[in-house]
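Below is one structure, written out as structure tokens; comments come after it.
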Amino acid sequence: MRFAAASIFALLLAVPASAQRWQLQSNFWVSLHQTMLDAAQNGKALEAPMTPDERSAWNNAVHEYRIRFYERSLIFDDELVKINDGLSSAGELPPEGFAEVVTKALLSAAPVYRKHRWATDDRTNQFWISIAEGMLRDTGEELVREHARIYGAQFPSRVTVDVTPAAGLLGAYTTLNSNGLVHVTISSRDQRYQGYAALEMLLHEASHAVVGATTGAIGSEIQNVARNNGMLAPRELWHAILFYTSGELARRVLRERGITDYVPYIYRQSMFDRGYLAFKQPLETFWQSYLDGRMDRGSAITAIVKATGTLPPARVRGL
Ligand SMILES: [Zn+2]
């Protein structure tokens, strides 16, 4: 026993820090659940040569999901978060404690999914994981340190990443449960998160545990500056800063490793042309100055909020 314990200790010491922080997995039940949600919420059909019985089992299960979950949020709905978390650590069978209709739908869709899709989906997930883990092994801890420094906040010490065929309309999302589990779900089939973009998006997603809309790092600072200046901050500003930061930090570590043409997500997906236009110049000027060490964070956020915030509508008097 003593020998075994010592071996495990030695093994732990030998595992690089990034491997302990990031737990990437391809999980059958999460993949099935996300595929069913994609069918139920987004009408994505399961492409497979199913028999009539299999097709009806699959369609019935998806129908149950549609009735229950059609308009519910993968991020904010407690039941969907609990199911995704529970399945993530499930063994052979889905865990107990889900609503009966959910467990029944999962169990009746499982044989169809296992027969027709799982091998392909698992291979796709595993391929994505092998690329992402390679990058994290080399750059992960450096990126974590830089994100923590830039946000002035501790980065999560453990991040569970379920790599799945689908993960909602945006293809990636992050939830935090009451046990402190930071749970990222990201699609291995989404073309926006392939190759080097996987690295940026893993850091972006995990940063959601640190950066909030109105709380946590950045979000609370934006709110304070807005309040002190009698302004309203744009709703998406905190998220634009998150995108910009992970994009720039990923670009830097890649550049130091010979990749000189990496284009961060915020540019590659034309986000400044799709709702973020007002943020472009303030971020490229003030936030970039902060990232370059030419400005402190408080001054940068103050300048950005002043450039993008609005005055609250004047009260109509006398009515
Ligand atoms: Zn995000």
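Here is a yes/no grid of residues against (1) surrounded by fewer than 17 Cβ atoms within 10 Å (Cβ to Cβ); (2) of a type in the set (F, W, Y); (3) under 20 Å from G43 (Cα atoms):
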| residue | (1), (2), (3) |
| --- | --- |
| A57 | no, no, yes |
| N60 | yes, no, yes |
| L107 | yes, no, no |
| R117 | no, no, yes |
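Does L237 satisfy being within 16 Å of the ligand (Cβ to nearest atom) and either within 17 Å of the chain's Cα centre (by Cα) or closer than 26 Å to S178 by Cα (or both)? No. Taking into account only those residues within region 147-160 that are part of a helix (DSSP H, G or I) and of a type in the set (A, V, I, L, M), which is surrounded by the fewest Cβ atoms within 10 Å (Cβ to Cβ)? Across region 147-160, the extreme among qualifying residues is A148. For region 242-281, residues that are out of contact with any His (no Cβ under 9 Å at 6 or more places or on another chain), part of a helix (DSSP H, G or I) and not charged (D, E, K, R) total 11. When V182, V163, V144, V102 are screened for being more than 17 Å from Q23 (Cβ to Cβ), at pLDDT 95 or above, surrounded by 19 or more Cβ atoms within 10 Å (Cβ to Cβ) and of a type outside the set (S, T, Y), only V102 passes.
Cβ-Cβ distances below 9 Å connect the following pairs, each with a first residue in region 152-175 that is within 13 Å of the ligand (Cβ to nearest atom), a second residue that is aromatic (F, W, Y), and a separation of six or more residues or different chains: A167/Y173; G171/Y193; A172/Y193; T175/F76.
Residue selection: E133 satisfies the criterion of being in a helix (DSSP H, G or I) and either within 13 Å of the ligand (Cβ to nearest atom) or surrounded by fewer than 21 Cβ atoms within 10 Å (Cβ to Cβ) (or both).
The values are calculated or read from the model by the stated rules, or taken from the named source; none is laboratory data. Just so it is clear, the structure is predicted and the values come from calculations on it, not from any experiment. Quick reminder, even Gly has a Cβ in these numbers, built from the backbone with ideal geometry, and neighbours come from all protein chains shown.
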